[in-house]
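The values are calculated or read from the model by the stated rules, or taken from the named source; none is laboratory data. Keep in mind the model is a prediction, meaning the values are calculated, not measured. Positions of Cβ are generated from backbone atoms using ideal geometry, with glycine treated the same way; all protein chains shown enter the neighbour counts. For accessibility, only protein heavy atoms count, side chains too; no ligands or nucleic acids. Shrake-Rupley method; radii C 1.70, N 1.55, O 1.52, S 1.80 Å.
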Amino acid sequence: MHTQLDVNGRAYALDHDPRTTLLDALRDHIGLYGTKKGCDHGQCGACTVLVNGRRINSCLTLAAMHDGDEITTVEGLGEPGALAPLQQAFVDCDGYQCGYCTPGQIMSATGMLEEAKAGDPSHVSASLSGDVALDDSEIAERMSGNLCRCSAYPFIRQAIHSVEGKE
Amino acid sequence: MYAFEIERPTSLSDAVSALKAEGAQALGGGQTLIPSLKARLAMPEVLVSLSAIDEIKGICTDDEGRICIGGGTPHGRVAAELKDSYPALASLAARIGDPAVRNRGTIGGSLANNDPSACWPAAALASDAVIKTDRREIAADDFFAGLFETVLEEGEIVTEVRFPVPQAANYQKFAQPASRFALVGVFVAKYEAGVRVAVTGASESGVFRWTEAEEKLSSDFSAAALEGLSHAAEGMIGDLHGTPAYRAHLIGVLTKRAVAAAG
Amino acid sequence: MSVATPLPHDSAPLHVTGRARYVDDIPAPAGTLHLAFGLSPIARGRIKAMDLAAVRAAPGVVRVLTREDLPNACDTSPSAHDEPLLAEGEVFYAGQAVFLVIATSHLAARKAARLGKVEYEEMEPLLSYDETLAAGAEFEAEPRVWQKGDAGAAIAAAPRRLTGRIEIGGQEHFYLEGQAALAIPDDGGAMHVVTSTQHPTEIQHKVADALGLPMAMVRSECRRMGGGFGGKESQGNALAVACAVAAKLTGRACKMRYDRDDDMVITGKRHDFRIDYDVGYDDGGRIAGIDFTQVTRGGWSMDLTLPVADRAMLHADNAYHLPACRITSHRLRTNMCSATAYRGFGGPQGVLGIERMMDEIAHVLGIDPVEVRRVNYYADCAGGGGGGGPSAPRSAAPSPPERYLEQDRSPGSGHAMSGALAGAGKRFGAEHSPVARPVEPQTTPYGMEVKDFLLNGMTAKLLADCDYAGRRAAIRAWNERSPILKRGIGFSPVKFGISFTLTHLNQAGALVHVYQDGSIHLNHGGTEMGQGLFQKVAQVAAARFGVDVAQVRITATDTAKVPNTSATAASSGTDLNGMAAMAACDAIRERMAECLAGLHQAKPEAVVFEGGEVRVGEAAMSFAQAATLCYENRVSLSATGFYRTPDLAWDRIRGQGRPFFYFAHGCAVTEVAIDTLTGENRILRADILHDVGASLNPAIDRGQIEGGYVQGAGWLTTEELVWDDKGRLRTHAPSTYKIPACSDRPPVFNVELWDGENPEATIYRSKAVGEPPFMLGISAFLALSDACAACGPHYPALDAPATAERVLAAVKRARG
């Protein structure tokens, strides 16, 4: 079948099997290898991308479901030499070790910061209403869908904090 | 995955028609169905994606003061929008899966699937909710029919779920740490007509109401009222995450905590 | 100066923009084929019939191979040659590869593999400890037994005695990047393999054997792994060999990666253990003698079970001086996946055995568990390090580290060093002054002298800094008033031996080129799996040439550049490869110094390489200009480097000698809370003090310490592996196997590096840091035990992993 995907501001016309997940479409059809396949079951978060600004696991959705959606992958955030603030923060804080979960962490954090700005509560939010104060426990809870086996969590959280403006 | 075709209707009526085809199955957020397809546990011939149907998304309040959640509404949206009007429901939605899952998974999909460890069935049952489909309205008490079974007919779509707002409510969830599904989840809701206690994650028959607890709580809504009451281990799930006895024990503990937290 | 500097891991801009390539991201040649295994669903049986017609006919399938189609067994074992690539008529575990599918896409290969119809005559698998012991199914003819003194007599004569048992679960590596390999056929039958592996040389070796080629015809590479943790020390062999065999057969590039579920089913895990202890001690908790029996399930093939089980024995003493000790170790052969290397490599299991024993002694005596530790600690000792004690003769010729030490200590040395290292080395933290200094150092149960024991001072500092005593008292008071939630606090130390116990593995090589424009190409045998090895060695190279680390180009590990390398394992990567790189750099630098000195009528010792410049007398030039000048004067600007760890001598049968070059130390205090009604538990706070010698890179070391602690805590709490009674792994996905997530690390997490230098001549006097911090997670387990013990009079006897249900059971046991 045919699907038009808008990825990082560029249109791609794909001819693909209906069963192709968005993750496989990005990697195998479009050749964007930044988004990683960690488990293929939506449990690890390594495949996180933004769809219309919201973070999702790209292995848990079909490419066909996103005709007309705006998709952002890690390659679309910034480039070496022109890094987005969050990417720069991960460099400055050494927020990675083996690096495999890093694209997913950065995409998830990008989506997360938007959710917090919009006032979406989390399970640990002191109250479910009102503005969200992104302290350390909030960041930790909101990032709990992105596994890092190297456990670079402390520096990951520091990187996110630094962009949020709260240390 | 086995081969299928996919359709993406933009209206409910188009979806209803598409689902009349042989081997057609509705696809909500895909957070459960897609892993099932990958594991070849499901083999539809046609997937009818509901994600482009705006008319089944959204949250509003009806004339009777019930909260109406469109079947295609993602959990994240429920968590964000219900924090003031029905906080226990918002809190339940905020704890499903993880943030990325909550951006896609829908209430309609969760109820239609009736996973024995899912959270939404407990909320619907405890709230005496009404599940509205494309062809009828079904009371929650009549909706769930066992493990992964509901009374929905072929091609029937959950379009909206209507929740009466209780006087007090709370959802206690002991999560299976890896999957974040409920190892045991208890939703307690207090209405003028009485107290309802719905338990998920525990029983081999899926979500159920703990009627003995409901009787005690309806006359005395306090954790103390449940003193000495425990749930039998028989019929409870035993798997690599917990024994039947452990689950039965957790039902008692979580129900008391839900009552205490409901205030 | 680049050493002792907190620089980030290498390739930062590539990682954060998704441009860092792992094996599956490498653009593969056109026509690349994809492989998948058909796996055995049963744990033990004979193959009666195999009907693969449907597999061969499936869309996209090019070839299907069984054992008969292979030129030889294509063994993939790192040790006993007991792992044929494809089953030879019999299967020994659920997940063993029975046939190999070669197809035009990854999905096509996996789908086709499902269509195989294999008939088995099922046999009874050996799964449990007891049934396997009873059957005598062990990897060695006899259990390994090491002794020091007469443990039996010491125990019998002691005023008190207790026996106990702890069951310790295994662990799944869950590297985020699964196993992957790509083989590309080269001219004349040669083969090029790129693998996600910690051991490119072993890949090269196994591929060469499988293809019947000399090693020189096989090139094996790895630029980076998305995590290893020991899981890619030997487990990558099967994919690389399969790809190479398929590439040879088809003449096309072949790629293989395991789907996550398959990866978890096929590959080996951390060895699980059952440890029994019988200990004689006194009223003060001082140990007179211990008799340990350690039993481990090694799975169906030997793999690395012997050195893992040896290391568990080598760490049975942990930080404690045992006057008499007997350790019996059974290495069981079970019908499960082959347990393999995993961070700590048996050490954590051995340490946990004695830590649990100490915990129980403290409970029986009613004294602070920390006091039981301290009273048994090794004593501090006068004069340590610097080339080996009486048990190992000094090597005859000075090896590179000694030579550099001599040079660097002289004032006005031509080799600028970082301020922290100039002058005499620091031995201990300033506030630490050892009290008791016996003339003779104490020995471990295997006869190695313990000459540089730091834990007396480290323990004192950590306990004071984190207010252990105050918090312990506060927690006890809090528990009195809290019926449902209980808190616990636990302390654990670690003394971890650094070196491969197989002595000949303690060697490394490097290759360095300085190009005529002054840029530096660095290569060595170490592999990067996130531990920061590449960056650390680059820092060393930069320091030797006095340039910025950005001038050093880090390159993929490649058997075509450095041969005969050891695995990046045993935490030794930086030690070994850093020294080798240093040797190569120094060789080039000396040639440059000699050339430039000659051109300027100066002595070579007077040439200074610093700040990106080279200065000779009055003349100064950039390093690039110096390189150009040397090139024009026909000086070779390329060199290999080599290093072998000195002074090691180890007899693993007798259990005697010096298997380790030195020890790394650490200690941690963890505080937890448990819910006595559900067993749910949480880590509230961790305080860590860790010995990394003189840190090459404090940021990377801190990352290793934090990461190691969290992974160790996960091993002992939520990471539960479950096999069913038919020997099938039930926890084979992240939906059933829980590794620590962002919200699981302790909200208060304090990590400090102990200020000191390695008395042994290691690279810039640093210490290995990959594995030792893993064992600090044991303090979390002990804290949980403490919280359970707060519920009643009896010893909770908590087993690992301490899942919620196990904690609940321990609470009940405490209550009685």
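Please give the peptides C:120-130, C:482-492 ranked by average Cβ packing (other Cβ atoms within 10 Å per residue), highest first, as a rough proxy for protection.
C:482-492, C:120-130
Can you give the FRET efficiency for C:E594 and C:N72, using 1/(1 + (r/R0)^6), R0 = 45 Å, r = Cβ-Cβ distance, to the nearest 0.05?
Step by step, r from the Cβ atoms, then E = 0.30.
Once the other residues with Cβ under 12 Å from the Cβ of A:V51 are scored (Lys, Arg +1; Asp, Glu -1), what is the net sum?
So the environment of A:V51 carries a net charge of -1.
Within the set of other residues whose C-beta is less than 11 Å from the C-beta of B:I56, count the net charge using Lys and Arg as +1 and Asp and Glu as -1.
Net charge around B:I56: -2.
Using a Cα-Cα cut-off of under 18 Å, which lysines could be cross-linked to C:K148, ignoring same-chain neighbours fewer than 8 residues away?
Within the straight-line limit of under 18 Å, C:K148 reaches no lysines at all.
Mind putting a number on the dipole of chain C about its Cα centre? Charges go on the C-beta only, +1 for Lys and Arg and -1 for Asp and Glu, and I need it in Debye to the nearest 20.
The dipole magnitude comes to about 660 debye.
With a 1.4 Å probe on protein heavy atoms only, work out how much accessible surface C and A bury together, total over both chains, in Å² to the nearest 100.
The summed interface area works out to 4000 Å².
If we sort C:647-655, C:575-583 on the protection proxy, mean other Cβ atoms within 10 Å, highest first, what's the order?
Per-residue mean Cβ counts within 10 Å order the peptides as C:575-583, C:647-655.
May I ask you to derive the relative contact order of chain C, considering only C-alpha pairs under 8 Å and at least 6 residues apart, and to give it as an integer percent?
It rounds to 15 percent for chain C.
A drop of at least 30 square angstrom in accessible area, chain alone versus all protein chains together, probe 1.4 Å. Which residues of the range B:30-74 meet that?
B:Q31, B:I34, B:P35, B:K38, B:R40
Distance between the C-alpha centers of the range C:714-751 and the range C:143-179? Whole Å please.
Distance between centres, Cα-based: 23 Å.
Please calculate how many Å² of accessible area the range B:1-54 carries per residue, with a 1.4 Å probe and no DNA, RNA or ligand atoms counted.
Heavy-atom SASA per residue in the range B:1-54 reads 45 Å².
In the structure shown, do any of C:K232/C:K738; B:K38/C:K255; B:K83/B:K256; B:K57/C:K255; B:K20/C:K726; B:K20/C:K738 have a Cα-Cα gap over 32 Å, and if so which?
Exceeds cut-off: B:K57/C:K255; B:K20/C:K726; B:K20/C:K738.
Compute the signed sum of charges (Lys and Arg +1, Asp and Glu -1) over the other residues within less than 14 Å, Cβ to Cβ, of C:G136.
Around C:G136, the surrounding residues sum to -3.
Between B:L229 and B:S36, 0.36 nm times their residue separation minus their Cα-Cα distance comes to what?
65.7 nm
If we sort C:541-547, C:775-781, B:205-211, C:698-704 on the protection proxy, mean other Cβ atoms within 10 Å, highest first, what's the order?
Ranking, from highest mean packing down: C:775-781, C:541-547, C:698-704, B:205-211.
So for the pair C:I26, C:V375, with labels modelled 7 Å out along Cα→Cβ, what separation do we get in nm?
Placing both labels 7 Å along Cα→Cβ, they lie 5.9 nm apart.
Treating the beta-carbon of each Lys and Arg as +1 and of each Asp and Glu as -1, no other charges, what is the dipole magnitude of the range B:5-163 about its Cα centre, to the nearest 20 debye?
My answer is approximately 640 debye.
Taking a 1.4 Å probe, which of C:K269, C:K561 shows the most accessible area, and what order do the others take after it?
Highest to lowest solvent-accessible surface, that is C:K561, C:K269.
Per residue of C:638-644, how many C-beta atoms from partner chains lie within 10 Å of its own C-beta, taken as a mean?
Mean shielding count: 0.
Just to confirm my numbers, what's the Cα centroid distance between the range B:201-232 and the range C:494-536 in Å?
Centre-to-centre (Cα) distance: 62 Å.
Once label points are set 7 Å from the Cα along Cα→Cβ at both A:Q4 and C:D368, what is their separation, rounded to one decimal in nm?
7.3
Taking the alpha-carbon set of the protein assembly as shown, what are its Rg and Dmax in Å?
31.0, 104
Using the Cα gyration tensor of the range A:40-167, with a ≥ b ≥ c the square roots of its eigenvalues, what is the shape: rounded (a/c below 1.5), prolate (a/b larger than b/c) or oblate (neither)?
rounded
Return the average number of partner chain Cβ atoms within 10 angstrom of each residue Cβ along peptide C:742-750.
The shielding value for this peptide is 6.
Suppose we compare each residue of the range B:230-248 in its chain alone and in the full protein complex with a 1.4 Å probe; which ones drop by at least 10 Å² of accessible area?
Residues of the range B:230-248 that lose at least 10 Å² of accessible area once the other chains are added: B:L240, B:H241, B:T243, B:Y246.
Where in the range A:67-84 does the label zone of A:A13 land, with the point 7 angstrom along Cα→C-beta and an amide N cut-off under 15 Å?
A:68
Against the empirical 2.2 N^0.38 Å scaling, what ratio does the C-alpha Rg of the range A:93-165 come to?
1.07
Suppose every K and R has +1 on its Cβ and every D and E has -1 on its Cβ; what is the size of the dipole of the range B:1-56 about the Cα centre, in Debye to the nearest 20?
280
Using a 1.4 angstrom probe on heavy atoms only, work out the carbon and sulfur share of the accessible area of chain B in %.
47
Please compute, for peptide B:100-110, the average count of beta-carbon atoms on other protein chains lying within 10 Å of each residue's beta-carbon.
Mean inter-chain Cβ contacts per residue within 10 Å come to 5.
Can you list the aspartates and glutamates whose alpha carbon is less than 14 Å from that of C:K206, not counting same-chain residues fewer than 8 positions off?
Those aspartates and glutamates meeting the cut-off are C:D75, C:D82, C:E83, C:E221, C:E233, C:D303.
With the contact rule set at Cα under 8 Å and sequence spacing of 6 or more, what percent relative contact order holds for the range A:85-163?
That works out to 48 percent.
Two-decimal Rg/Rh of chain C from alpha-carbon positions, Kirkwood Rh?
Looking at chain C, the ratio lands at 0.98.
How many square angstrom of accessible surface are buried between A and B, both sides summed, with a 1.4 Å probe and rounding to 100?
Chain pair A/B: roughly 2700 Å² of buried accessible area.
Pop out the carbon and sulfur fraction of the accessible area of chain C as a percent, whole number, probe 1.4 Å.
Heavy-atom surface of chain C belonging to carbon and sulfur, 1.4 Å probe: 52 percent.
According to the Cα gyration tensor, what semi-axes, each the square root of 5 times an eigenvalue, does the equivalent ellipsoid of the range C:507-644 have, listed from largest to smallest in whole Å?
In descending order, the three semi-axes are 28, 13, 12 Å.
Could you do me a favour and compute the accessible area per residue for the range A:2-73, 1.4 Å probe, result in Å²?
Per-residue value: 31 Å².
With just the Cα atoms defining each centre, how far is the range A:137-165 from the range C:442-488? Give it in Å.
29
Along Cα→Cβ, 7 Å out, is where each label goes; now give me the distance between the ones at C:M621 and C:A464 in nm to one decimal.
A separation of 5.4 nm, rounded to one decimal place.
Toward the positive end of the charge dipole of the protein assembly as shown, about the Cα centre and with charges on Cβ (Lys, Arg +1; Asp, Glu -1), which of A:L32, C:G228, C:A216 goes farthest?
Final value for the positive-end residue is C:A216.
Please compute the per residue accessible area over chain C with all protein chains in place, 1.4 Å probe, rounded to a whole number of Å².
Solvent-accessible surface per residue comes out at 33 Å².
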